[in-house]
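Peer 1: One structure, pasted below without further comment.
The values are calculated or read from the model by the stated rules, or taken from the named source; none is laboratory data. All values reported here derive from a predicted model rather than from experimental measurement. Glycine gets a Cβ as well: all are built from the backbone with ideal geometry, and neighbour counts include every protein chain shown. In case anyone asks, the SASA skips ligands and DNA or RNA and just uses the protein heavy atoms, side chains included. Shrake-Rupley method; radii C 1.70, N 1.55, O 1.52, S 1.80 Å.
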Amino acid sequence: MHSKLDVIIAGGGRVGFQTAEFLDDQGHDVTIVERDEDRCDDIADAYLATVVEGDAANPDILEQADVDRADVVAGLTGETGVNLATCMAARELSPGTRTVCRIDRAKGRAYTRFVDAVLFPERAGARVAANEIVGSDVRTLADVTGTLDIMQIRIKEGAPAAGRTLKEIRFPAGTLVISDDDGERIARPETTLEPDKQYVVAVEPDVADEVLNLLRG
């Protein structure tokens, strides 16, 4: 179980809201910063996050959201520039805070030196964003061409697939487990997914959430 985190999410749209739901389910404290007043009301009605109305790229708004107490700030709006500005402002105001930035795929690699992690969650869903916010148990190789996600995933104790062989697990079509736990061999049908070991997995975007659910619970 991860320790409880204080997370600020910039953007209360589909990705930001669903990510907040995952984090809330895991027991983390979430604050959503959203510019749209009506959207703020909808989020507040869901009782899963503290809501701050305003532009998260504005340092005053970030301070209002208690950025100095935050473990992670995630820019998850649909605008790369806003997300990047939010993460950079957060780093300035609270240097120890982890920053996660949702970016447009075409602009990907250029921003990695400014933030701790970059995301393309419109492809892989909010669960990948939540995992990236919480830590490094799921790592996506963001520079792979095409739409496949190739992820390094740590198997979680108690997950549906933990302790089972690949031939016993009913993965959805569009899934390929590539390496075994030491990374020295291609995975085979008899490869057992051991809890707390890492495996490289390729998935098509529309089944990514289902596969993560099997491996992470």
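Peer 1: Please enumerate the residues belonging to the stretch 45-85 that are over 15 Å from ASP6 (Cα atoms), modelled with pLDDT of 95 or more and β-branched (Val, Ile, Thr).
Peer 2: The one that is over 15 Å from ASP6 (Cα atoms), modelled with pLDDT of 95 or more and β-branched (Val, Ile, Thr): ILE61.
Peer 1: Same structure again: Cβ-Cβ under 6 Å, sequence separation 6+ or interchain: first residue in the stretch 177-205 and over 19 Å from GLU157 (Cβ atoms) and open to solvent by 20 Å² or more (accessible area, probe 1.4 Å), partner in a helix (DSSP H, G or I) and among the small types (Gly, Ala, Ser). Which pairs?
Peer 2: Note: pairs meeting the criteria are PRO205/ALA124.
Peer 1: Collect the residues in the stretch 57-96 that are more than 16 Å from ILE32 (Cα to Cα) and of a type in the set (S, T, N, Q), keeping them in residue-number order.
Peer 2: Within the stretch 57-96, THR80, SER94 meet the criteria.
Peer 1: Please state which one of GLU79, GLU63 is more than 13 Å from ALA10 (Cβ to Cβ) and not aliphatic (A, V, I, L, M).
Peer 2: GLU63
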